[in-house]
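J.: Have a look at the structure that comes next, please.
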Amino acid sequence: MPDFIVDLVELFKEMPTLFIIFSVTFGLMVGSFLNVVIYRLPRMMELEWQRNCAELQGQENQSSATEPTVSPKFNLVVPRSACPSCGHKITALENIPILSFLFLKAKCSGCKAPISIRYPLVELFTGVLIGLVSWKFGYSSAAFAAWIFCFALIALSFIDLDTFLLPDSITLPLLWIGILFNLNGGFTDIHSSIVGAAAGYLSLWSVYWLFKLVTGKEGMGYGDFKLLAAIGAWFGWQLLPAFINRGVNHRHRYDFIGQTWAQCADSVWALFGPWRYCRSVLWATARKIIFRRLSHVCHCINWWYWCW
């Protein structure tokens with residue numbers, strides 16, 4: 001390992017404040033990338049589904065007709081981010097987390113179309129959350145593992161909010177990373193991790209099929225099973241009841257709205273609201289792991305959470 005990296009590690013260990021500042025800065029940059037993931041990953045999945053349908057229909061030669069004409073390639077790297085209104089390519093100076101939003105006054109530099117406030121909020125939330133994780137765990141493997149967990153949950157939450165999807169490309173790696181991290185007793189022992197993964201999946205899987213047999217409708221997607229399995233893999237089966245209870249209690253808050261939506265749309269997606277469950281997971285993680293010893297802060301955040 002290069003000497004400067006060794007010196008930097010020692011500096012982070014000796015100066016926790018410096019590590020927290022670095023973590024917040026890194027979280028802001030990753031938050032900017034998460035905005036790309038949140039927007040593009042569902043569309044990448046849709047393009048893949050279209051290609052698969054074309055192949056099943058024997059239309060491989062015509063599959064290009066199902067792809068967007070604006071760019072032959074569409075992934076997390078290309079094409080460059082651009083204004084959805086005028087197509088102005090976002091420069092490096094216009095892509096600085098939070099600062100660019102403030103400097104541009106929430107408007108595109110090309111056409112002056114408004115920029116959604118959600119972009120800087122995702123960046124800010126990611127930076128603050130990563131900073132809190134680093135403050136709690138210090139410079140350690142647990143901190144870096146918690147970074148990965150938080151990044152995944154933030155992306156899943158907003159993708160769920162927009163599309164009701166929980167992509168396998170996030171939930172499945174999250175599950176396996178949780179098991180691997182707990183091989184040496186990261187957040188829990190490996191036995192609890194494996195049992196937690198199985199219990200998390202099978203608990204919602206059982207509810208899904210029971211609900212479907214009784215009502216003939218699907219109450220949730222398979223992504224929910226994989227997400228809860230991933231949570232069980234990270235924190236063990238012992239915390240699963242707390243996560244499920246938080247999600248169920250949060251759902252009851254929206255029962256009236258959900259029932260109204262279900263009657264209008266002839267579905268029960270709004271009753272279960274996967275994005276609400278993701279938000280509950282984020283809250284439970286922050287409360288159980290980050291703020292375990294700060295009860296007064298928990299009460300303040302709990303008040304804000306229920307008002308939200």
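J.: Please find, among I177, I154, the residue that is surrounded by 21 or more Cβ atoms within 10 Å (Cβ to Cβ), part of a helix (DSSP H, G or I) and of a type in the set (V, I, T).
T.: It is I154.
J.: Right, here's the next one. For S193, are the conditions met, namely being at negative phi, assigned to a helix (DSSP H, G or I), surrounded by 19 or more Cβ atoms within 10 Å (Cβ to Cβ) and of a type outside the set (V, I, T)?
T.: When the stated conditions are applied, S193 passes them.
J.: If you go through segment 133-149 one residue at a time, do you hit one that is touching a Cys at 6+ places or on another chain (Cβ under 9 Å), within 30 Å of V9 (Cα to Cα) and buried (at least 16 other Cβ atoms within 10 Å of the Cβ)?
T.: Within segment 133-149 (the criterion being touching a Cys at 6+ places or on another chain (Cβ under 9 Å), within 30 Å of V9 (Cα to Cα) and buried (at least 16 other Cβ atoms within 10 Å of the Cβ)), the answer is yes, since at least one residue qualifies.
J.: Across segment 211-236, what is the number of residues that are out of contact with any His (no Cβ under 9 Å at 6 or more places or on another chain), buried (at least 19 other Cβ atoms within 10 Å of the Cβ) and at pLDDT 85 or above?
T.: Here the count works out to 13.
J.: Tell me, which helices (runs of 4 or more DSSP H) wholly within segment 1-120 include 3 or more residues that are modelled with pLDDT of 90 or more?
T.: Once the helices (runs of 4 or more DSSP H) in segment 1-120 are filtered for at least 3 residues that are modelled with pLDDT of 90 or more, what remains is 16-56, 99-103.
J.: Right, here's the next one. Name the residues in segment 81-124 that are among the β-branched types (V, I, T) and over 21 Å from G27 (Cβ atoms), would you?
T.: Matches in segment 81-124: T91 only.
J.: Check L165 against each of (1) assigned to a helix (DSSP H, G or I); (2) farther than 14 Å from I231 by Cα and name the one condition it does not meet.
T.: It fails just one condition, (1).
J.: Okay, next question. Would you pick out the residues in segment 87-105 that are farther than 10 Å from P120 by Cα and hydroxyl-bearing (S, T, Y)?
T.: T91
The values are calculated or read from the model by the stated rules, or taken from the named source; none is laboratory data. Note that this is a predicted model, so its numbers are computed, not measured. Please note: Cβ atoms are built from the backbone with ideal geometry, for glycine as well, and neighbour counts cover all protein chains shown.
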